[in-house]
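Okay, so here's the structure we're looking at.
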Amino acid sequence: MHYDALETRSGQERERELMAKLASQLAHAKASAPFYGELLASVDPHDVTSRGALAALPITRKSQLVEYQRARPPFGGLAATPTAKLARIFMSPGPIYDPEGREPDFWRTARALFAAGFREGDVALNCFSYHFSPAASMFETGLHHLGCAVIPAGTGQTEMQVRAIQDLRPTGYVGTPSFLKIILEKAAELGVECDSMRRAIVSGEAFMPAVREFLSGRRIEAYQAYGTADLGVIAYETPAREGLMVSEEIILEIVRPGTGDPVPEGEVGEVVVTTFNRDYPLVRFATGDLSAVLPGTSSCGRTNVRIKGWMGRADQTTKVRGLFVHPHQVAEVLRRHGLARGRLVVANEAGEDRMTLRVERAGGADADLAARIEATLRDVSKLRGEVRFEGPGALPNDGKVIEDTRAY
């Protein structure tokens, strides 16, 4: 059973419809959000009708939001709706301010909740934080959209949580997986049955196999969702348990960290999202998270792209001999020499930091090319390093551009 017909479209139909909407969204962002008015000043939105054209647009990085918002409060010029017309304003660590508009299911959580088994008439214990963070509102608005009642439990106070479950008998839970485990352990300690809860959607931290087993052993079917405070839900688990299904309402790209260049299917890279959100029209928004596209289609009948889920952080910036080295600098060195894949390994030998740029190259070792790359590395990073050539496919497929092997 699916949330709507969008989930079972053919891939060609989905791509055609997303690209048809893209030009209008870009035009809206350019006209209504000052940041994008400047960033896309030379772009004709109506020329952006393919993924190739989209990939040519500049990246907007989550890691720079604090800087943007300080320079142009409160939202850095990225919001298209006046502050007074928003429904809520949240504050994430940084601080980063996140706007919520008045559209129903603003954060696109209803689809993920439906896949996890939530239906009209369910009562959900919402244990995401209601203090400044958007997570509780994200799922509350989705639950309301489905026709569910919500217990705004928030975090902490486990004995009160157990009492609420005992008295109100919620059928589902939303929150972090570890907190649900803590609540159930407290209930067992107090001799309280929590047999009313049969489903859960969890997010905000890794869903460890041991916790999944613990919940399953108590007949709670739990599914994970992946999202950010800026974008809402990006992807979610379905009953097939085969990776995470990408939301129908976004365009997702996986790019090489430090660049805006899409990687081949299956290669680990940074998650970049373009939304169709009219209030906060983020374009090629680089989340800083690593993931990879899974091949094929899901056995659950949904036809959209799936990703492996959260696989680490893309921002591998590190400090070497007092200077920061960034993934985009490594990408620039490779680009200047027409090379696709490389990894800068930072080690410490006898108390001295050393950099080695491992480069995949079909032709093997080439002393002259190595010397030229080393000169470029020095020019770009202001640090000396050596080059080591490796065969195609020799580097691990883990999205790392900088690997820090130093022990502290």
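Rule-based calculations on the coordinates, nothing more; no lab input. None of these values were measured; they are calculated from a predicted model. Glycine gets a Cβ as well: all are built from the backbone with ideal geometry, and neighbour counts include every protein chain shown.
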### Query
Highest mean first, what order results for 392-405, 260-273, 279-292 on Cβ atoms within 10 Å?
279-292, 260-273, 392-405
### Message
Nearest 5 percent is fine: what portion of the DSSP beta bridges confined to the chain is antiparallel?
### Response
60 percent
### Task
Under 13 Å from the Cβ of Leu86, count the other residues' Cβ atoms, weight Lys and Arg +1, Asp and Glu -1, and hand me the total.
0
### Task
Return the whole-Å distance between the Cα centroid of segment 278-318 and the Cα centroid of segment 101-146.
21 Å
### Task
Can you bin segment 1-123 into rounded, prolate or oblate? Criterion: square roots of the alpha carbon gyration tensor eigenvalues sorted a ≥ b ≥ c, rounded for a/c under 1.5, prolate for a/b above b/c, oblate for the rest.
oblate
#### Entry: the chain: angle of helix 327-336 to the longest principal axis, Cα-based, in degrees nearest 10
40 degrees
### Task
Taking only Cα atoms and a 10 Å spring cutoff, compute GNM fluctuations for the chain and point out the largest among Phe90, Phe324, Phe132.
Phe324
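What value, in deg cm²/dmol to 500, does the helix sum -39500 (n - 2.57) over DSSP H runs of n ≥ 4 give at 222 nm once divided by the residues of the chain?
-8500 deg cm²/dmol
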### Query
Expressed as a whole number of Å, what is the distance separating the alpha-carbon centroids of segment 53-81 and segment 1-33?
22 Å
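Is there a quick way to get the dipole size of segment 318-404? I mean about its Cα centre, with the Cβ of Lys and Arg at +1 and of Asp and Glu at -1; what is the value in debye to the nearest 20?
Working: 15 positive and 14 negative charges, 49 e Å.
Around 240 debye, computed over segment 318-404.
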### Query
Which of Ala149, Ala112, Ala124 moves the most in a Gaussian network model of the chain with Cα springs under 10 Å?
Ala149
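Take the alpha carbon gyration tensor of segment 359-408, find the square roots of its eigenvalues, order them as a ≥ b ≥ c, and report rounded if a/c is under 1.5; if not, report prolate when a/b exceeds b/c, else oblate.
oblate
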### Summary
Placing one equal point scatterer on each C-alpha of segment 133-210 and summing with Debye, one gets log10 I(q)/I(0) at q = 0.19, 0.20, 0.23 Å⁻¹ equal to -0.84, -0.93, -1.21
### Task
Find the all-direction average of the projected area of the Cα convex hull for the chain, expressing the result in square nanometres with one decimal place.
22.6 nm²
### Cα convex hull of segment 280-374, projected area averaged across orientations, nm²
10.6 nm²
## Note on the structure
In order over segment 400-405: 3J(HN,Hα) from phi, Karplus 6.51/-1.76/1.60, θ = phi - 60°, whole Hz, x for each Gly or Pro, gives 7, 9, 10, 10, 9, 9
### Message
Between 0 and 90 degrees, rounded to the nearest ten: what's the tilt of helix 158-168 against the longest Cα principal axis of the chain?
### Response
50 degrees
#### Entry: Relative contact order (percent, whole number), segment 5-307, Cα cutoff 8 Å, 6+ residue spacing
18 percent
### lysines with Cα under 25 Å of Lys400, excluding same-chain neighbours fewer than 8 positions away
Lys62, Lys308, Lys319, Lys382
### Query
Give me the Kirkwood hydrodynamic radius of segment 318-404 in Å, from all C-alpha pairs, to one decimal place?
13.0 Å
#### Entry: Degrees between helix 367-381 axis and first principal axis of the chain (Cα, 0 to 90, nearest 10)
60 degrees
### Query
Non-local amide H neighbours of Asp98 (under 5 Å, H modeled in plane, Pro and chain starts lacking H): which ones?
Phe90, Met91, Ser92
### Query
Stokes-Einstein D for segment 191-335 at 25 °C, 0.890 mPa s, Kirkwood Rh over Cα pairs, in µm²/s?
144 µm²/s
